[in-house]
Amino acid sequence: MLGKFLDVVAGMYQRAVAKRLAKYGLRYEDLLIETPEVLEATARLPKHEIHARNMRWARAQDLDMKKKTLHGEAYEKALKEAIQPYMAPYLSRARLEAREKQLWK
């Protein structure tokens, strides 16, 4: 019972976050705090993902400065992509390697 309730609440929260991110064309992983593991994962991303990430940041800063948000097809596309992971495999590998380093110390 509680598990189903939490699933519903989590889904609602995820949709709310996706809508807020999509207004500026960002994705969830664009906002991760830059810990050593996140920086390592970012360095391992393919060049096209790094470029896309940088362009999303630039567009979000531009939109925010102009006090505007995305609309229409651009918003719909960003909404579909907002929660889709692109850094997860690289991040999990970087975290695993960081844990291994701690074990070897």
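The values are calculated or read from the model by the stated rules, or taken from the named source; none is laboratory data. It should be emphasised that the depicted structure is a prediction, and the values quoted were computed from it without experimental measurement. Note that we place each Cβ from the backbone using ideal geometry, even for glycine, and neighbour counts take in every protein chain shown. For the accessible areas, the whole protein counts, side chains as well, though only heavy atoms, and no ligand, DNA or RNA atoms are used. Shrake-Rupley method; radii C 1.70, N 1.55, O 1.52, S 1.80 Å.
The angle separating the long axis of helix 2-22 from the principal Cα axis of greatest extent in the chain is about 70 degrees. Highest mean packing comes first when the peptides 6-13, 43-50 are listed by Cβ atoms within 10 Å, giving 43-50, 6-13.
From the coordinates of this entry, volume of the Cα convex hull per residue in Å³ is computed, and it appears in [x] 311; [y] 127; [z] 89 under the label [y]. Helix 72-81 and the longest principal axis of the Cα set of the chain meet at an angle near 20°. If you build a Gaussian network model of the chain, linking Cα atoms that sit under 10 Å apart, which residue out of L32, L63, L21 swings the most? Evaluated over the chain, the most mobile residue of the options is L32.
Only DSSP H runs of four or more residues enter the estimate; each adds -39500 (n - 2.57), and after division by the residues of the chain the mean residue ellipticity at 222 nm equals -24000 deg cm²/dmol. About the centre of its Cα atoms, the range 41-88 shows a dipole size close to 120 debye [charges on the beta carbon of Lys, Arg (+1) and Asp, Glu (-1) only; nearest 20 debye]. Relative contact order of the chain: 44 percent, from C-alpha pairs under 8 Å at least 6 residues apart in sequence. Computed with a 1.4 Å probe over protein heavy atoms only, the accessible surface of the range 1-78 comes to 75 Å² per residue.
When the C-alpha to C-alpha distance is required to be over 27 Å, the pairs from K4/K80; K23/K47; K4/K101; K4/K68; K47/K77; K19/K66 that qualify are K4/K101; K4/K68.
Specify whether the C-alpha gyration tensor of the range 59-105 places it in the rounded, prolate or oblate class, a ≥ b ≥ c being the square roots of the eigenvalues: rounded for a/c under 1.5, otherwise prolate if a/b is larger than b/c and oblate if not. Oblate is the answer for the range 59-105, as a/c is 1.5 or above yet b/c matches or exceeds a/b. The accessible surface of the chain, taken with every protein chain in place and a 1.4 Å probe, is 61 percent carbon and sulfur. Among residues other than G11 with Cβ under 14 Å from its Cβ, the summed charge is +2 (Lys and Arg +1, Asp and Glu -1). Looking at the chain as a GNM with Cα springs under 10 Å, which of A94, A52, A82 has the largest mean-square fluctuation? For the chain, modelled as a Gaussian network with Cα springs under 10 Å, the answer is A52. Taking the Cα centre of the chain as origin and assigning +1 to Lys and Arg Cβ atoms and -1 to Asp and Glu Cβ atoms, the resulting dipole is close to 200 debye.
Whole-Hz Karplus values for the range 88-97 come out as 3, x, 5, 5, 5, 5, 5, 5, 4, 5 Hz, taken residue by residue from phi with 6.51 cos²θ - 1.76 cosθ + 1.60 and θ = phi - 60°; glycine and proline positions read x.
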